[in-house]
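Visitor: Sharing a structure with you now.
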Amino acid sequence: MENDRAAPRNYVLIGIVVFLFFAWGFATVLIDSLIPKLKGLFDLSYTYVALTQFSFFISYFFFSLPAALILSRIGYIRGAVLGLSVTAVGCLLFAPASALGTFPPFLIALFVMAAGITMLQVTANPFIERLGPEATSHSRLTLAQAFNSLATVVGPLIGAATILSGVVVLNTTGLTASALSSLRRSQAYVIQFPFLVMGLILAVLAIVFWRMRGDSAPRVVPEAASLKGIVALLGRPRLVLGTIAIFVYVGAEVSIGSFLANYLMQPSVLGLVAVRAVQMVSLYWGGAMVGRFIGAFVLQRLRPGYVLAVCAIVAAILTTTSSLTAGPVAAYSLIAVGLFNSIMFPTIFALATEQLGADTPNGSGLLCVAIVGGALIPPLTGKVADTFGLATAFLVPAVCYLWILAYGIMTAQGLGLTKQQT
């Protein structure tokens, strides 16, 4: 009888955690709309505007391992409350950033927002895995990521309607320094609205989780999280190689998402206006959403490592095709990469943390550190874009997919990963 009563409660928890994936996906993807706006507003190069992604994803480097340690002390539900609260504060910081009308305050707001999302990532990924049998953890995590992708489809549409509602590229001819500063502040004002609304929604979600703190949830073993335990995990080849795979995957995905709107705006590709280009970015994330729903079905029937390898090689081919062509072929081949990105993060995460048991919080923290790839690879892609052109720059993510291909094959065949099983 007790198990019969617990099952519906588990379904409620799964539903709320899935909504958590949606919430942080929406928060993250708004940056793709923010980049064209900030680039035009402050006349930034591709390398410099990539600091928006750097400021966001560098938080994973600083906060992932502390988040794992905190998670082991306070548990999954309180971990979600903490992550939501910090993320909401970061969103609210967009109000003073917009009022100041300069670039650095936006970077600070993004850094704080990402600190909270880091806590959410460290908490929610293992949380959703452990809300059911281990045998279906790949499918369950992929399904949760599908709702994360749904948010990334909606996000660019809302970002285009709000963040890009004003002037995208300023005409500064003949303006004094004072007039330019005033113009930038007025145009920066439109940026804050979606972030303020999102901050309020996240605060409400934090209250919902707080009210559930007495409910039954999977336990986090307190002894699991320690610096010694985290260092010990470096002896697990499957986890370490998966950490590298997460690093390059996030770097590739973020690089494409960050510069896709500017790419579609180029005359040699589609020559779109900024609003239309950002709306088209939703197709990239929409492919990821569709792919994750399909993946939740496929991964129950096929070996995850091979599915990962196939998706990685197709993504590499599509990215290279876009880089070497022009017009609609270049545009739609790059957009199509989203479909094959779909299962990569959840599948790599699940493969890397298989059989970690009580070490799962530490493993989650280590994998989330690797999300710093989203901070380091986009500036590299931006530097290549400034030097050789944006089309050539997409060869950087193409190379990243080759490592994911290798990891998929290694996990499927167990090559050099035997220590993970001991």
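Visitor: Which helices (runs of 4 or more DSSP H) does segment 273-361 wholly contain that include 1 or more residues that are farther than 23 Å from PHE21 by Cα and in contact with a helix residue (DSSP H, G or I) (Cβ under 9 Å, 6 or more places away or on another chain)?
Guide: Where helices (runs of 4 or more DSSP H) fall fully within segment 273-361 and carry at least 1 residues being farther than 23 Å from PHE21 by Cα and in contact with a helix residue (DSSP H, G or I) (Cβ under 9 Å, 6 or more places away or on another chain), they are 274-298, 304-324, 327-335.
Visitor: Kindly provide the set of residues from segment 260-272 that are of a type outside the set (S, T, N, Q) and not in a helix (DSSP H, G or I), ordered by number. Lay out the reasoning, then the answer.
Guide: Just the residues of segment 260-272 that are of a type outside the set (S, T, N, Q), to begin with: 260-261, 263-265, 267, 269-272.
Passing the criteria: PRO267, VAL269, LEU270, GLY271, LEU272.
Visitor: Then there is this: Of a type in the set (A, V, I, L, M), out of contact with any strand residue (DSSP E or B) (no Cβ under 7 Å at 6 or more places or on another chain), at pLDDT 95 or above and over 17 Å from VAL154 (Cα atoms), is that true of LEU318?
Guide: So LEU318 passes the test.
Visitor: Report the residue count in segment 285-336 for those that are polar (S, T, N, Q) and surrounded by fewer than 20 Cβ atoms within 10 Å (Cβ to Cβ).
Guide: So the answer is 5.
Visitor: Let me ask something else. Any residue in segment 293-307 that is of a type in the set (Val, Ile, Thr), farther than 21 Å from LEU402 by Cβ and either out of contact with any strand residue (DSSP E or B) (no Cβ under 8 Å at 6 or more places or on another chain) or in contact (Cβ under 8 Å) with a residue 24 or more places away in the chain (or both)?
Guide: yes
Visitor: Continuing with the same structure: So which residues in segment 349-375 are within 14 Å of the chain's Cα centre (by Cα) and either surrounded by fewer than 22 Cβ atoms within 10 Å (Cβ to Cβ) or among the aliphatic types (A, V, I, L, M) (or both), if there are any at all?
Guide: LEU367, VAL369, ALA370, ILE371, VAL372, ALA375
Visitor: THR353: at pLDDT below 90, β-branched (Val, Ile, Thr) and under 24 Å from LEU299 (Cβ atoms), yes or no?
Guide: Yes; evaluated as a whole, the condition is true for this residue.
Visitor: Sort through GLY83, GLY101 and tell me the only one that's in contact with a Ser or Thr (Cβ under 7 Å, 6 or more places away or on another chain) and surrounded by fewer than 22 Cβ atoms within 10 Å (Cβ to Cβ). I'd like the intermediate steps shown before the answer.
Guide: Values: GLY83 fails: surrounded by fewer than 22 Cβ atoms within 10 Å (Cβ to Cβ).
Result of the check over GLY83, GLY101: GLY101.
The values are calculated or read from the model by the stated rules, or taken from the named source; none is laboratory data. All values derive from a computational prediction rather than experimental measurement. Every residue, glycine among them, receives a Cβ derived from its backbone with ideal geometry; neighbour counts consider all protein chains shown.
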